[in-house]
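Here the structure is laid out as structure tokens; the discussion comes afterwards.
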Amino acid sequence: MTLVSKNVSDKFYKIVTAENSGIPEILLYGYIGQRDWWFKEEERDDETITDLTFRKALTDLQKTHPRINVRINSGGGSMFHGNSIITSIQSSTSEIHIYNDGMAASMGADIWLSVPTAQRHMAKNALLMLHPPASSVWGTANEMREEADILDKFEKTIILMMEETTNLTKAEIKEKYYDGKDHWLTSEDCEEAGFINSIEEKE
């Protein structure tokens, strides 16, 4: 088996592409977006994935590959970066297959759900976690209300995306997964919900 890997990294991100049996892979293993000033120094050096890095890797690979696999193991991250990654995936000229290798939580879950069901895969021991977007703010009451309004708008964008890529309506998505709680789903739960057609036994 031939494995060719390429690392693209600097202080703010690390993304790996690998070619195996003719299908390249982009690994989203880590934090989605740049870690900001409130993270500890050692945390800011951890693996992160920015929208710009992802876009560059995807644009390069789709020139010569009709199919690209994206593999996720992520606890989530920034919606500013994540929404742009989703746009890159959905506008790609290649067929994108997304694999949940261990955990796709928060923004990682949103990215995983951004492709049609037939192109969505999940390891039998993996977990999915869906919840409303979260933020923190320091300031006046007006500033806090403004932040809440922004979170509501971000939530609407994700629900709109999920409506397009699942068999659920906006109302069903809101009631089931965006009710203010964390929703953890096993691979069996995801199969029952219609998020995957079958559980990946080995890939």
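The values are calculated or read from the model by the stated rules, or taken from the named source; none is laboratory data. It should be emphasised that the depicted structure is a prediction, and the values quoted were computed from it without experimental measurement. Note: ideal-geometry Cβ built from the backbone for every residue, glycine included; neighbour counts use all protein chains shown. In case anyone asks, the SASA skips ligands and DNA or RNA and just uses the protein heavy atoms, side chains included. Shrake-Rupley method; radii C 1.70, N 1.55, O 1.52, S 1.80 Å.
Figures for the structure shown
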{"quantity": "Hey, Gly76 at pLDDT 90 or above and closer than 26 Å to Lys156 by Cα or not", "calculated": "yes"}
{"quantity": "Pairs, first farther than 16 Å from Trp112 by Cα in region 151-175, second acidic (Asp, Glu) and surrounded by 14 or more Cβ atoms within 10 Å (Cβ to Cβ), C-beta under 9 Å, six or more apart", "calculated": "Thr169/Glu163; Lys170/Glu163; Glu172/Glu163; Lys174/Glu155"}
{"quantity": "Residue list for region 183-197, restricted to those being closer than 19 Å to Met161 by Cα, touching a strand residue (DSSP E or B) at 6+ places or on another chain (Cβ under 6 Å) and not aliphatic (A, V, I, L, M)", "calculated": "His183, Cys190"}
{"quantity": "Out of Asn142, Asn83, Asn100, sole residue that is part of a helix (DSSP H, G or I) and crowded, with 18+ Cβ neighbours inside 10 Å", "calculated": "Asn83"}
{"quantity": "Matching entry among Ile72, Ile111, Ile150 (being under 24 Å from Asp182 (Cβ atoms) and either of a type in the set (D, E, K, R) or open to solvent by 40 Å² or more (accessible area, probe 1.4 Å) (or both))", "calculated": "Ile150"}
{"quantity": "Members of region 151-189 found to be aromatic (Phe, Trp, Tyr) and not in a loop (DSSP other than H, G, I, E, B), listed by number", "calculated": "Phe154, Tyr177, Trp184"}
{"quantity": "Region 114-135: number of residues that are open to solvent by less than 10 Å² (accessible area, probe 1.4 Å) and assigned to a strand (DSSP E or B)", "calculated": "4"}
{"quantity": "Check on Thr186, of a type in the set (S, T, N, Q) and out of contact with any Ser or Thr (no Cβ under 8 Å at 6 or more places or on another chain)", "calculated": "yes"}
{"quantity": "Among the candidates Glu147, Glu192, residue that is assigned to a helix (DSSP H, G or I), at pLDDT below 90 and over 16 Å from the mean Cα position of the chain (by Cα)", "calculated": "Glu147"}
{"quantity": "Filter result for the condition that a residue is open to solvent by 50 Å² or more (accessible area, probe 1.4 Å), more than 26 Å from Glu201 (Cβ to Cβ) and more than 11 Å from the chain's Cα centre (by Cα), over Gln90, Gln62", "calculated": "Gln90"}
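One line per residue, one yes/no per condition, for (1) in contact (Cβ under 8 Å) with a residue 12 or more places away in the chain; (2) among the basic types (Lys, Arg); (3) touching a strand residue (DSSP E or B) at 6+ places or on another chain (Cβ under 8 Å):
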| site | (1), (2), (3) |
| --- | --- |
| Ser106 | yes, no, yes |
| Leu113 | yes, no, yes |
| Ala118 | yes, no, no |
| Lys124 | yes, yes, yes |
| Leu130 | yes, no, yes |
| Ser135 | yes, no, no |
| Ala141 | no, no, no |
| Asp149 | no, no, no |
